[in-house]
Every structure is written in structure tokens, then in C-alpha cells.
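Asker: Got a structure for you, questions after.
Please treat every number below as a calculation from the coordinates, not as lab data. For clarity, every value in this text was computed on a predicted model and none was experimentally measured. Methodologically, a virtual Cβ is constructed for each residue, glycine included, from the backbone with ideal geometry; neighbour enumeration extends over all protein chains shown.
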Amino acid sequence: MTSSTATSKCLCGQITVSVPQAALNKTDCIGLCYCKNCRQSGGCLAAYNLYLPEKDVTIDGQPKIYEDKNTDSGTTLQRAFCDNCGSPIYLKNPKFAGAISIRLGGFDELPKPGMELYGKDRPNWFKQIDGVKENETMPAMTEDWKDWFRKTGVSI
Ligand SMILES: [Zn+2]
Ligand SMILES: [Zn+2]
């Protein structure tokens, strides 16, 4: 591990995920997803994700993959988790080949998110975070969103 890498572990420690330290400063690439599937898969209020090019991520250990077919978009998502402790590790959406969504909760540093997805499913007692860009569901594939993917280094 170099000083330019940030690493997380699942709860039992058999899976580690390393990302460039600089990725944790890219607020635009950090999101909270309040959709039902994310909440169910993590037993949490929202999934806390870093979106980045898959090539920038190193995963040691072998997560188990759950094919999540019952999604709002109809797309089958790959949800990776530790088969020993159950910690969610990452999510991949085949629509965005080359991109990966890493669960951020296992990192020591917890950077502020820049956007929220499925804001319509956020409970009304939980206030939106200042400065966070709200999306009611998944953003439509607008030029803004395409630009965002380009910024993350993913070609779509
Ligand atoms: Zn584990
Ligand atoms: Zn979600």
C-alpha cells in the first residue's frame, strides 16, 4: 500500500478494497442511494458509494456476487458482498461498463457526498445534506450525467 491509496476492509477482514486516495476528494463522485434495494442489501438508511473507473480499484479476496434482478430500472445489478461477514463491497451496473460503485462505509475517511439518488425514498425526517445534488431516482442520461461519467473516467 502506498500513501496515495486508501483501503477499506469488510468487517471480518477477508476482503480489502483499495482506491486512489484522490478519489475520496471527488465529491461529485460520492453519492447516497436511498433506493429500497440498496437499503435492503445493507440494512441501512442509504448506500454510501464512491463511483469510479473499475480499473482504478484493487480488490483482494473473493466477494460473492448477488444478481439483483428485481430493480426499479429492470437492469440486473451485481451486488458483491463478503460471504463470511455479509459486508456489502461493491455494485456494478452493466449499463455503465467500466464503472464500479464501491461501498464507502469501511474506509477510515468518510468524505462528504455530492449527490443523492432515489431522493424520493429518503424518509422525510432525514434532512437532505447541504450542498448535495438531489436526484429523485436515477438521473436521466442527460449531457450533465454523461459529463459526470467522463469526469470519472468512464466512457459510455
Ligand atoms: Zn468479511
Ligand atoms: Zn440504490
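Asker: Using only DSSP helix segments of four residues or longer, with each worth -39500 (n - 2.57), what per-residue ellipticity at 222 nm results for the chain after dividing by its residue count and rounding to 500?
Answerer: Numbers: 2 runs with 17 residues, N = 156.
Helices in the chain give a 222 nm mean residue ellipticity of -3000 deg cm²/dmol.
Asker: Which trypsin sites (Lys or Arg not before Pro) in region 66-137 pass both tests, a DSSP loop state and at most 10 other beta-carbon atoms within 10 Å? The partial results should precede the final answer.
Answerer: Numbers: sites: LYS69, ARG79, LYS92, LYS95, ARG103, LYS120, LYS127, LYS133; in loops: LYS69, LYS127.
When the trypsin sites (Lys or Arg not before Pro) of region 66-137 are filtered for loop state and at most 10 Cβ neighbours within 10 Å, LYS69, LYS127 remain.
Asker: Dividing the convex hull volume of the alpha carbon atoms of region 79-122 by its residue count, what do you get in Å³ per residue?
Answerer: 127 Å³
Asker: Counting other Cβ atoms within 10 Å, which GluC sites (Glu not before Pro) in region 93-135 have at most 16 and lie in a DSSP loop?
Answerer: Numbers: sites: GLU109, GLU116, GLU134; in loops: GLU109.
Loop-located and lightly packed - GLU109.
Asker: Could you bin all the Cα-Cα distances of region 41-102 into 5 Å bins starting at 0 and give me the percent of pairs in each, rounded to whole numbers?
Answerer: Binned Cα distances yield the sequence 4, 17, 26, 30, 17, 5, 0.
Asker: To continue, here is another question. As a quick test, which of the pairs LYS36/LYS133; LYS26/LYS69; LYS26/LYS127; LYS64/LYS127; LYS26/LYS64; LYS9/LYS127 have an alpha carbon distance above 26 angstrom in this structure? Show your work: numbers first, answer last.
Answerer: Numbers: LYS36/LYS133 19 Å; LYS26/LYS69 30 Å; LYS26/LYS127 22 Å; LYS64/LYS127 34 Å; LYS26/LYS64 28 Å; LYS9/LYS127 29 Å.
Over 26 Å apart, Cα to Cα: LYS26/LYS69; LYS64/LYS127; LYS26/LYS64; LYS9/LYS127.
Asker: Also: If Rh is defined by the Kirkwood formula over all Cα pairs and Rg also comes from Cα, what ratio Rg/Rh do you get for the chain? Mind dumping the intermediate values first?
Answerer: Working: Rg = 14.8 Å, Rh = 15.9 Å.
For the chain, the value is 0.93.
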